[in-house]
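Asker: Sharing a structure below in structure tokens format, with a few things to ask.
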Amino acid sequence: MLTTTSPVRPIAHALVGAAVAATLALLPAAAATAGHPGHGQPGHHAGQHAHRHHHGHGQAGKPVTVMTRNIYLGADINRPVEAAQAAQAQGLPPQAVVVALANATHETRAIVDRTNFPVRAGLLAQEIATNRPALVGLQEVAWWRHGPFQLDQVGIPNAQVTDYDYLQLLLDALAARGAHYVPAVVGLRADVEAPSFTGTGSADARDVRMTMRDVILERADSSVKVLDTHDQIYATNLSVSIAGVPMNFDRGFQWADVRAGSRSFRFVNTHLEAFSSDIALAQATELLDSAPASRRSTVLVCDCNSDPLNSSVKPIDHVPHKAPYDLITQTFADQWLRWRPAALGWTSGLSETVDDPTAAGFDHRIDMVFGRTATGRALRVDRGRVTGTSTRDRDPATGLWPSDHGGVVLRLRGL
């Protein structure tokens, strides 16, 4: 979810990132896990290496259209975490904590049905098909599954029955509109599972699992071709505990090295921590140390969870909400501002049920496209738009918006 303190989702071992907001407030201290070794998860171009690429030195050539899109995992997973933490704070026994967690998980999972990703996938696919970006950075590409109720395995993500695979649903919706995209790299992030039932346990008891992913899509018929990919988990991530079960809400970054005509550049996608700007800043620091290309242009897209106009500091933090943005823009240009003022680029954020009657919820900007050349100059922008933020973008039958965020599309020159 992409509010300023966007609930990063899910459930019980649990609720990916969203755990953070409630947990940070309720635990004596929420620790950032450091030293978790980053690991590469190469995509379908694995085995190639960036240093082998040849970089053209001709004219800048044709422009390249890129997009960043948080597609919204479908519910606010703060709810189960808050319920479990409240039960713990009251000194209730572990069984009561599990009941609170499971009841809230059941309610949250019902909202996932209500926010109806099969419908929203069609709206998102239409955005992409209309704008035809060569590369798309996707965040919150959820994979919802369920399995048998296993109270003795709380926190172990092993449910296998797919309910909603957001990636496949989106690819299918794109193909149905004649827009053929393929995943260049799929990065696994938080993978969480929790019990779900009503009351104190009944015939509806089951386990619910949500796997978070970040994805880079490439348009199959584009002249922009992916040469190599990389995916990596950040060394610093949020760590919390519910009913004695440790929870690490992994986030990461990924890149694709691509060739556009005689030029090559790197396209980077990430989703920074929502519930702690301190952690988001540590992640942004690692990102800037590891992801940018050294001898060619870099385009960085993100749900950065960092509003450049927000100087507030969360109670659990030492740095303001805008700190990650400020760090990134020390060496990267905010490319939207090369096109339009910030106030014309609001991207966040709607309510949990994404059926808001107006667009008033879009009141700040955390979805970004950054860029720089090999020599540190800003890229040129000759076309741009924010998608999914007009009431015309809603599904007419259900009133659902494509996401709780808007997308950003920019056509870049000077790569």
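Asker: Is the stretch 325-337 home to any residue that is under 21 Å from SER390 (Cα atoms) and at pLDDT 95 or above?
Answerer: yes
Asker: So, one more: Can you tell me which residue within the stretch 191-221, out of those that are of a type in the set (Asp, Glu) and under 19 Å from the mean Cα position of the chain (by Cα), is farthest from VAL97 (Cα to Cα)?
Answerer: Residue satisfying both the conditions and the ranking: GLU218.
Asker: From the list LEU337, LEU287, LEU327, which residue is touching a Ser or Thr at 6+ places or on another chain (Cβ under 8 Å) and within 25 Å of ARG411 (Cβ to Cβ)?
Answerer: That would be LEU287, the only listed residue that is touching a Ser or Thr at 6+ places or on another chain (Cβ under 8 Å) and within 25 Å of ARG411 (Cβ to Cβ).
Asker: Is it the case, given these coordinates, that THR373 is under 15 Å from CYS302 (Cα atoms), touching a Leu at 6+ places or on another chain (Cβ under 9 Å) and among the hydroxyl-bearing types (Ser, Thr, Tyr)? Break it down into steps so the answer makes sense when it comes.
Answerer: Numbers: under 15 Å from CYS302 (Cα atoms): no; touching a Leu at 6+ places or on another chain (Cβ under 9 Å): yes; among the hydroxyl-bearing types (Ser, Thr, Tyr): yes.
No; evaluated as a whole, the condition is false for this residue.
Asker: Give the stretch 63-93 a look and list any residue that's at pLDDT below 95, surrounded by 24 or more Cβ atoms within 10 Å (Cβ to Cβ) and hydrophobic (A, V, I, L, M, F, W, C), or say none.
Answerer: Once the filter is applied, which keeps residues that are at pLDDT below 95, surrounded by 24 or more Cβ atoms within 10 Å (Cβ to Cβ) and hydrophobic (A, V, I, L, M, F, W, C), the stretch 63-93 yields ILE77, VAL81, ALA84.
Asker: Same structure again: Among residues belonging to the stretch 210-237 that are of a type in the set (Lys, Arg) and touching a residue at least 40 places away in the same chain (Cβ under 8 Å), point out the one that is farthest from ASN78 (Cα to Cα).
Answerer: Within the stretch 210-237, the match that is farthest from ASN78 (Cα to Cα) is ARG219.
Yes/no per residue for (1) surrounded by fewer than 24 Cβ atoms within 10 Å (Cβ to Cβ); (2) modelled with pLDDT under 95; (3) assigned to a helix (DSSP H, G or I):
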{"position": "ASP204", "(1), (2), (3)": "yes, yes, no"}
{"position": "MET212", "(1), (2), (3)": "no, no, no"}
{"position": "SER239", "(1), (2), (3)": "yes, yes, no"}
{"position": "ASN248", "(1), (2), (3)": "yes, yes, no"}
{"position": "SER264", "(1), (2), (3)": "yes, no, no"}
{"position": "PHE267", "(1), (2), (3)": "no, no, no"}
{"position": "ASP278", "(1), (2), (3)": "yes, no, yes"}
{"position": "ALA284", "(1), (2), (3)": "no, no, yes"}
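Asker: Are any residues in the stretch 396-410 over 22 Å from HIS271 (Cβ atoms) and out of contact with any helix residue (DSSP H, G or I) (no Cβ under 9 Å at 6 or more places or on another chain), and if so, which ones?
Answerer: Result: PRO396, GLY399.
Asker: Run down LEU171, LEU167 and say which single residue is modelled with pLDDT of 95 or more, within 16 Å of the chain's Cα centre (by Cα), in a helix (DSSP H, G or I) and of a type outside the set (Asp, Glu).
Answerer: It is LEU167.
Asker: Look at THR198 and say whether it is of a type outside the set (A, V, I, L, M, F, W, C), in contact with an Asp or Glu (Cβ under 8 Å, 6 or more places away or on another chain) and in a strand (DSSP E or B).
Answerer: Answer is no for this residue.
Asker: Would you call ASP393 modelled with pLDDT of 95 or more, out of contact with any Gly (no Cβ under 7 Å at 6 or more places or on another chain) and surrounded by 14 or more Cβ atoms within 10 Å (Cβ to Cβ)?
Answerer: In short, yes.
Asker: Given the criterion free of Cβ contacts under 8 Å to residues at least 24 places away in the same chain and acidic (Asp, Glu), identify the matching residue among ASP172, ASP191, ASP165.
Answerer: The unique qualifying residue is ASP165.
Asker: Ok, one more. So ARG259 clears everything in (1) at pLDDT 95 or above; (2) surrounded by 24 or more Cβ atoms within 10 Å (Cβ to Cβ); (3) touching a strand residue (DSSP E or B) at 6+ places or on another chain (Cβ under 6 Å) except one condition, right? Which one?
Answerer: (2)
Asker: Can you tell me which residue among ALA110, ALA104, ALA96 is without any contact (Cβ under 8 Å) to a residue 60 or more places away in the chain, over 23 Å from PHE275 (Cα atoms) and either surrounded by 15 or more Cβ atoms within 10 Å (Cβ to Cβ) or among the acidic types (Asp, Glu) (or both)?
Answerer: Answer to the check: ALA96.
Asker: When VAL141 is evaluated against the numbered criteria (1) farther than 30 Å from SER264 by Cβ; (2) among the β-branched types (Val, Ile, Thr); (3) not in a helix (DSSP H, G or I), which criterion, by number, is the only one it fails?
Answerer: (1)
Asker: So, of the residues in the stretch 222-241 that are within 15 Å of ARG259 (Cβ to Cβ) and not hydrophobic (A, V, I, L, M, F, W, C), which turns out to be farthest from the chain's Cα centre (by Cα)?
Answerer: Restricting attention to the stretch 222-241, the residues satisfying the condition of being within 15 Å of ARG259 (Cβ to Cβ) are 222-229.
Adding the requirement that they be not hydrophobic (A, V, I, L, M, F, W, C) leaves 222-223, 225, 228-229.
Numbers: SER222: 24, SER223: 27, LYS225: 24, ASP228: 22, THR229: 18 Å.
By that ranking, first place goes to SER223.
Asker: A follow-up question, please. Looking only at the stretch 330-365, which residues are surrounded by fewer than 16 Cβ atoms within 10 Å (Cβ to Cβ), in contact (Cβ under 8 Å) with a residue 12 or more places away in the chain and not hydrophobic (A, V, I, L, M, F, W, C)?
Answerer: Of everything in the stretch 330-365, those that are surrounded by fewer than 16 Cβ atoms within 10 Å (Cβ to Cβ), in contact (Cβ under 8 Å) with a residue 12 or more places away in the chain and not hydrophobic (A, V, I, L, M, F, W, C) turn out to be THR331, ARG340, SER351, PRO357, THR358, ASP363.
Asker: Still on this model: Exactly one condition in (1) outside any strand (DSSP E or B); (2) surrounded by fewer than 20 Cβ atoms within 10 Å (Cβ to Cβ); (3) acidic (Asp, Glu) is false for GLU127; which is it?
Answerer: GLU127 satisfies all of (1) outside any strand (DSSP E or B); (2) surrounded by fewer than 20 Cβ atoms within 10 Å (Cβ to Cβ); (3) acidic (Asp, Glu) except (2).
Asker: Can I ask one more? With LEU288, LEU300 as the choices, which residue is touching a residue at least 24 places away in the same chain (Cβ under 8 Å) and closer than 17 Å to LEU138 by Cβ?
Answerer: LEU300
Asker: Could you check, for the stretch 287-304, whether at least one of its residues is under 18 Å from the mean Cα position of the chain (by Cα) and among the small types (Gly, Ala, Ser)?
Answerer: Checked against the condition, which is being under 18 Å from the mean Cα position of the chain (by Cα) and among the small types (Gly, Ala, Ser), the stretch 287-304 yields at least one hit.
The values are calculated or read from the model by the stated rules, or taken from the named source; none is laboratory data. None of the values given here were measured: they were computed from a predicted structure. Quick reminder, even Gly has a Cβ in these numbers, built from the backbone with ideal geometry, and neighbours come from all protein chains shown.
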